[in-house]
Amino acid sequence: GFFPLCFRTSLVTPLILGLLLQPPLTQLSILTQPNIVLLMADDLGIGDVGCYGNDTIRTPNIDRLAKEGVKLTQHIAAAPLCTPSRAAFLTGRYPLRSGMDAINNYRVIFWNAGSGGLPLNETTFARILQQQGYSTGLIGKWHQGLNCESRNDHCHHPLNHGFDYFYGMPFTLISDCQPTETPEMDRVFRRRLWLYTEMIGLVTLTAALGRLTGLISVRWKTLTCLAGFSLLFFISWFSSYGFVRYWNCIMMRNHEVTEQPMVTDRTTSLILRESVSFIERNKHKPFLLFLSFLHSHTPLLTTEKFLGRSSHGLYGDNVEEMDWMVGQVLDAIDKEGLKNTTLVYFASDHGGWLERQEGKRQLGGWNGIYRGGKAMGGWEGGIRVPGIFRWPGVLPAGTVVSEPTSLMDIYPTVVHLAGGVLPQDRVIDGRDLMPLLQGTVEHSEHEFLFHYCGIHLHAVRWHQKDSGAIWKAHYVTPVFRPPGAGACYDRGFCPCSGEGVTHHDPPLLFDLSRDPSEAKPLSADTEPLFDTVIRKIGRAIEEHRKTLTPVPEQLSLYNVVWKPWLQPCCGTFPFCWCDKEGDS
């Protein structure tokens, strides 16, 4: 017995010493499960925030987070649109892997009554934290689908994906939710449908008048059929597009619809009230709060006291109001004495929407020095977003990290902090950020990041660690119109494929460390490493493609269309109307 005991002690002693000698920072993060508050803005551009260089929109609270924490300057969304980017955020995986990226022009979830959504076999970080004993709440926007086969099966609902509590919009905010605004959903398609309806109606009317005046010999039976067809055609599309506000602009608490349609005047105060109340209710055990703002997506719901306050019109007012909301949440954390035990994260789901204008009013964000914006898979403006972490005493204050990081990194980071284990049966594309945030390592673990537009690979970045170069190769870029403009103003949205894009062979190559605005493409003549870099990236793409497996397409045409039997309804379908917040 003596020898093994002696041997055992000799093993244990260095272990204990090692733990005692470890810097207190890592010890703290291992010992406690911190509260985690994730704040995600919607469509906010990196150029819209003070600490990222904006000197005309005031964002003192977001700036304070950066002052007290770590600011990431190369924080990259996995997709340039809401649904796929958030799917990647929640799963730590490229949206392609869960079937949440587009195969056609419908690139996000379009209806609450669609059948696509985040598949149940995907494990969100919320689910792992829930298993680790966290209270998990989602307040605000979901946009990851709702039902599969019936009105109330809620197969894609947040409560089916690891959240204990949900209050907010299962869909996303759109201009159709605000009766005074020009409708935004499928605008071009809707105009075309009106035109067809008018044309069919005109033909029917002309034929009927011709028959009545005896100018045209046409049978009444034919006329009746024609009239029936035009009516059916009208009903077939107007039943969905005519009632977007009722079908899509709804608020839910857990599984119950509370407002249909939502009363936009009070949405902001309700979302704030729910967030603060969630913190107060759960202060005695570790909690995860994912506050997914409806700001700063059009129609830019802004309460009266913020209107006209900024020098950037309604958009600036809306961002300043969101910053105030961030401040209110931080105050609630302080008030409960949770500041030092809470990791706070702030980001945007993708870049600002450059093309979003009504007349002279700019209703979308600004992406600073970066080229492009929302919906563009490759250009930095569409995917480089604010990213800030604060955890006093654990993360060094006032630090800036310029290494490439991804929104998918939040997943492994929070799972490890909660003491959970990453799923072993699938590829997780994110990397734990704690070593980088604490300054114990110098480089990000991402050597390559792949930039998709739908299922199409548009660009790839390679972080060449020894030289500090950040090479980015563009294989496909959108065609900007009018020529010389910085976006697709003709369509309102840049496409991923088809005649709206240009394919590049050899690809356009930039070194972001020297040219962050992607202004001057390098060529084999100007860059001696050109061929080497392109070959290296080409090999990385081949390796990456080997890890992809086919999965059901959640945004297929069938999944995307409006299905009356899947429509969440407060009342008896189609008479869906209620306001349960107004009564209380």
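Using beta carbons and a limit of 9 Å, which pairs, at least six apart or on different chains, have the first residue in segment 41-69 and more than 15 Å from TRP324 (Cα to Cα) and at pLDDT below 95 and the second one part of a loop (DSSP other than H, G, I, E, B) and open to solvent by 40 Å² or more (accessible area, probe 1.4 Å)?
What qualifies is THR56/SER311; THR56/HIS312.
Scan segment 278-307 residue by residue and report those that are open to solvent by 10 Å² or more (accessible area, probe 1.4 Å) and either within 22 Å of ASN340 (Cβ to Cβ) or not assigned by the TED database to the domain that holds ILE410 (or both).
Passing the criteria: GLU280, ARG281, ASN282, LYS283, HIS284, LYS285, PRO286.
Report yes if THR204 is touching a residue at least 24 places away in the same chain (Cβ under 8 Å), among the β-branched types (Val, Ile, Thr) and within 28 Å of THR32 (Cα to Cα), otherwise no.
Judged against the criteria, THR204 is not a match.
Please verify whether segment 392-408 includes one or more residues that are under 30 Å from ARG491 (Cα atoms) and assigned to a loop (DSSP other than H, G, I, E, B).
Here is the first cut: in segment 392-408, the ones under 30 Å from ARG491 (Cα atoms) are 406-408.
Next, only the ones that are assigned to a loop (DSSP other than H, G, I, E, B) stay: none.
No, that holds for no residue.
Yes or no: LYS536 surrounded by 15 or more Cβ atoms within 10 Å (Cβ to Cβ), closer than 25 Å to PHE110 by Cα, at pLDDT 95 or above and of a type in the set (Lys, Arg)? Let's see the steps before the verdict.
Values: surrounded by 15 or more Cβ atoms within 10 Å (Cβ to Cβ): yes; closer than 25 Å to PHE110 by Cα: no; at pLDDT 95 or above: yes; of a type in the set (Lys, Arg): yes.
So LYS536 fails the test.
Would you call ASP349 of a type in the set (D, E, K, R) and open to solvent by less than 40 Å² (accessible area, probe 1.4 Å)?
yes
Tell me yes or no: at least one residue of segment 542-550 is open to solvent by 40 Å² or more (accessible area, probe 1.4 Å), touching a residue at least 24 places away in the same chain (Cβ under 8 Å) and in contact with a Leu (Cβ under 7 Å, 6 or more places away or on another chain).
So far as segment 542-550 goes, yes, one or more of its residues are open to solvent by 40 Å² or more (accessible area, probe 1.4 Å), touching a residue at least 24 places away in the same chain (Cβ under 8 Å) and in contact with a Leu (Cβ under 7 Å, 6 or more places away or on another chain).
Name the single residue that is nearest to ARG58 (Cα to Cα) among those in segment 296-312 being among the hydrophobic types (A, V, I, L, M, F, W, C) and in contact (Cβ under 8 Å) with a residue 12 or more places away in the chain.
Here the residue is PHE306.
For segment 161-256, which fully contained helices (runs of 4 or more DSSP H) count at least 1 residues that are closer than 24 Å to LEU146 by Cα, of a type outside the set (Asp, Glu) and within 21 Å of the chain's Cα centre (by Cα)?
244-248
The values are calculated or read from the model by the stated rules, or taken from the named source; none is laboratory data. Everything numeric in this text was worked out from a predicted model, so none of it was measured. With ideal geometry, Cβ positions are generated from the backbone for all residues, glycine too; neighbour counts draw on all protein chains shown. Only protein heavy atoms, including side chains, enter the accessible area calculation; ligands, DNA and RNA are left aside. Shrake-Rupley method; radii C 1.70, N 1.55, O 1.52, S 1.80 Å.
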